[in-house]
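Input: a single structure, listed below in structure tokens.
The values are calculated or read from the model by the stated rules, or taken from the named source; none is laboratory data. Since this is a predicted model, take the numbers as computed values, not measurements. Virtual Cβ from ideal backbone geometry, glycine too; neighbours counted across all protein chains shown. With ligands, DNA and RNA removed, areas are computed over all heavy atoms of the protein, side chains included. Shrake-Rupley method; radii C 1.70, N 1.55, O 1.52, S 1.80 Å.
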Amino acid sequence: LAPLLYVDEDLEPTRTTRDPVSRAAPSAKSQTKRNTKTSEDGWPLRRWDGLLQTMATITENTCRVGEEKLAVRFPRVTQSNDYQKRVTALLDKMPRWLNNKVCPVNGTEKPT
């Protein structure tokens, strides 16, 4: 989800090359994200809580048609907007852990 958040995506790679004592400087990519307030794909950037608020609007409503014995109930999920679809697509790309031990995508063990 880092592409849609105000997060420095290049932080890990630069950690090994920068001075551990001096103050960390944001990467050029991170600066561009903060200045334009958009991702490389043109999506608006959000903080983590803003992303959660956006995703929280996806709900499942139980609808009822008819009266008493003839009433029929069925679930209806709200349609996701384009931003929510993008977040869902990014989540689908993330590795999932089987039994909280092994990642099925690359077979690595979960760090403890």
5 angstrom amide H check on residue 38, placed H, neighbours 5+ away
45
Sorted from largest down, give the three principal axis spans of the alpha carbons of region 20-94, whole angstrom values.
72, 26, 22
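Leaving out ligands, DNA and RNA, and with a 1.4 Å probe, what % of the accessible surface on region 1-96 is carbon or sulfur?
After summing per-atom areas, the C and S share lands at 53 percent.
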Run the simple label-point estimate for residue 48 and residue 31 please: 7 Å along Cα→C-beta, distance reported in nm.
2.6
Please compute the length gained on full extension between residue 23 and residue 57, using 0.36 nm multiplied by the number of residues separating them and subtracting their Cα-Cα distance.
8.4 nm
Counting only heavy atoms of protein chains, what accessible area per residue, in Å², does region 1-90 have with a probe of 1.4 Å?
78
